[in-house]
1. Output the residue which, of all residues in region 175-193 that are charged (D, E, K, R) and surrounded by fewer than 17 Cβ atoms within 10 Å (Cβ to Cβ), is farthest from residue 42 (Cα to Cα).
2. Say we look at region 126-147 and pick out the residues that are in a loop (DSSP other than H, G, I, E, B) and of a type in the set (Lys, Arg); which of these is modelled with the lowest pLDDT?
3. Limited to region 200-248, what total is found for residues that are outside any helix (DSSP H, G or I), closer than 24 Å to residue 329 by Cα and hydroxyl-bearing (Ser, Thr, Tyr)?
4. Checking the conditions here, which among 184, 196 is at pLDDT below 95 and within 30 Å of residue 225 (Cβ to Cβ)?
5. Search region 160-189 for residues that are farther than 17 Å from residue 119 by Cα and pair each with any residue that is β-branched (Val, Ile, Thr) and surrounded by fewer than 18 Cβ atoms within 10 Å (Cβ to Cβ) when their beta-carbon atoms are under 8 Å apart and the residues are at least 6 apart or on different chains.
6. Would you call residue 87 small (Gly, Ala, Ser) and crowded, with 18+ Cβ neighbours inside 10 Å?
7. Going by the conditions given, is residue 127 farther than 24 Å from residue 15 by Cβ and buried (at least 19 other Cβ atoms within 10 Å of the Cβ)?
8. Scan region 92-125 for residues that are at pLDDT below 90 and part of a loop (DSSP other than H, G, I, E, B) and report the count.
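The values are calculated or read from the model by the stated rules, or taken from the named source; none is laboratory data. Source: prediction; values computed, not measured. Reconstructed Cβ throughout: ideal geometry from the backbone, glycine too, with neighbour counts over all protein chains shown. Ligands, DNA and RNA are stripped out before the accessible areas are found, and what is left, the full protein with its side chains, is counted by its heavy atoms. Shrake-Rupley method; radii C 1.70, N 1.55, O 1.52, S 1.80 Å.
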Amino acid sequence: NFYKDQVIQIYSAKWCFDNLIGQSPNFLTTKNMAWQLSQTVSTILITGESGTGKELFAQAIHNSSARCAGPFVRINCAALPDNLLESELFGYEEGAFTGARKGGKPGKFDLAKGGTIFLDEIGDMPLTMQTKLLTVLQERVVERIGGTNPIPIDVRVIAATNRDLEKMVAEQTFREDLYYRLNVVRLTIPPLRERVGDISLLVDDLIKRLNAHLRTNIQGINPPALDLLQSYRWPGNVRELENLLERAMNLCHMNQQSLLKVEHFPSLGNSKFSKIEILDNGQTALPDLLDGIEEQLLLKALHEADGNKAKTAKILGIHSSALYRKLKKYGLE
């Protein structure tokens, strides 16, 4: 019992569904589907771009499931060398190979007994290991390296990847039978650029978390800086947003300020908020040219949307609050 308690303490899931921030329709649909899947025991394949929070969803599913009292064991299939992956997953017996620990070592499937095993970056698993994993998922037993006795496993499997497994199957770099074994039910996490309306909520939540971590006292973010974040494409998704906010908060704190501004996001602001003026025939400065172009785009989008503000914001790819500020700026309310 002591050993079991220690395993659960080490391999625990921290995130719950209440910690997953967002109100956009596609995010809420995904979150609701994830909760429904948490009530089943089926294998889940979580897909989505890097940085969208696939592991956080896996943890939330585990914590809402009937297995929440058991361990949540994560293994990154891309981070371990091929020759170590098998021993990490399935364990080994004493004397199985040179350097093997006395008494052997349990594998991650052993440690996850009664709980959940999360196979992150499953698309990067070597083909030889894919074959062995398929056998384990079909037979529900593992055999340690150097061992002869099959060990029954009682785990729920959640796999995740940011790669196109269907394309990999077509290219024969991922086993088709393993793909179908993992893809029992699928959960796709939307990228941040498709849930721009959630950025303000995420920023507020991340500022609170980062304040506790960095021991700072940043009060919030001003509207122009928020507009800048909402106009960015976020190829790195929520992870990139968190990293940029941490950098900005450090910069803000060093300058003894308490509100995040455009100047605290130099990697985003240089191209959009340049102070260098480019003259057109010596008459019009760059800010005036940009304002004119922006006003024309607003008018065109309003016309296409028949004056509907929500549709206009969607056409322009900006949040509705940013749209209203721009309409007020140009007297187009």
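1. First, pick out the residues of region 175-193 that are charged (D, E, K, R): 175-177, 181, 186, 193.
Next, from what is left, pick out any that are surrounded by fewer than 17 Cβ atoms within 10 Å (Cβ to Cβ): 176-177, 186, 193.
On the way: 176: 19, 177: 17, 186: 10, 193: 30 Å.
The extreme case among them is 193.
2. My answer is 144.
3. Kept after step one, since they are outside any helix (DSSP H, G or I), are these residues of region 200-248: 215-222, 232-236.
Retained after the next criterion (residues that are closer than 24 Å to residue 329 by Cα): 220-222, 232-233.
Narrowing further to those that are hydroxyl-bearing (Ser, Thr, Tyr): 232.
The qualifying residues number 1.
4. Working: 184 fails: within 30 Å of residue 225 (Cβ to Cβ).
Result: 196 is the single residue among 184, 196 that is at pLDDT below 95 and within 30 Å of residue 225 (Cβ to Cβ).
5. Going by the 8 Å Cβ cut-off, the qualifying pairs are 176/169.
6. On the way: small (Gly, Ala, Ser): yes; crowded, with 18+ Cβ neighbours inside 10 Å: yes.
It is true that residue 87 is small (Gly, Ala, Ser) and crowded, with 18+ Cβ neighbours inside 10 Å.
7. Details: farther than 24 Å from residue 15 by Cβ: yes; buried (at least 19 other Cβ atoms within 10 Å of the Cβ): no.
So residue 127 does not fit the description; no.
8. Here the count works out to 13.
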